[in-house]
Amino acid sequence: MNYVENISDGTQGKDPRKMTVQELNNLGHFKKSMVKIIKEMCNSCIGADPSGQRNIEVSRCQCIGCPLWPYRMGKNPFSTRGEMSDERKAEAAERLRNARLNRNL
Ligand code: SF4
């Protein structure tokens with residue numbers, strides 16, 4: 001993938017925070033999760049098929065010093081989303097119990 005485009009309309013070097021969504025879309029950039037963007041970057045870096053069919057090469061990347069390396073498989077290994085401590089589970093169960101009691105009043 002060639003990331004450098006020869007556009008002479010002043011777009012190059014522009015701050016994306018100061019661009020409209022439409023301007024970004026016109027350049028081929030659409031809203032995506034950061035992890036998906038990283039996965040796409042890794043596929044591009046390693047020369048894998050953009051469809052992800054051959055992302056086995058990305059899984060074998062040995063550049064462990066690359067800041068993207070932990071995220072290259074499309075998941076954030078540091079995310080605690082979905083994990084709940086026993087204390088938080090007990091709090092959530094209590095809230096649910098109270099909500100059900102209040103609904104039946
Ligand atoms: S983790 Fe590997 S494949 Fe991904 S950008 Fe870094 S060097 Fe490239």
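What follows is calculated from the coordinates using simple rules that are stated; it is not laboratory data. All of these numbers come straight from a predicted model, not from anything done at the bench.
Bridgeable lysines around K31 (alpha carbons under 21 Å apart, same-chain partners fewer than 8 residues away excluded): K14, K18, K39, K75. For the stretch 32-103, relative contact order (Cα pairs under 8 Å, six or more residues apart, normalised by length) works out to 27 percent.
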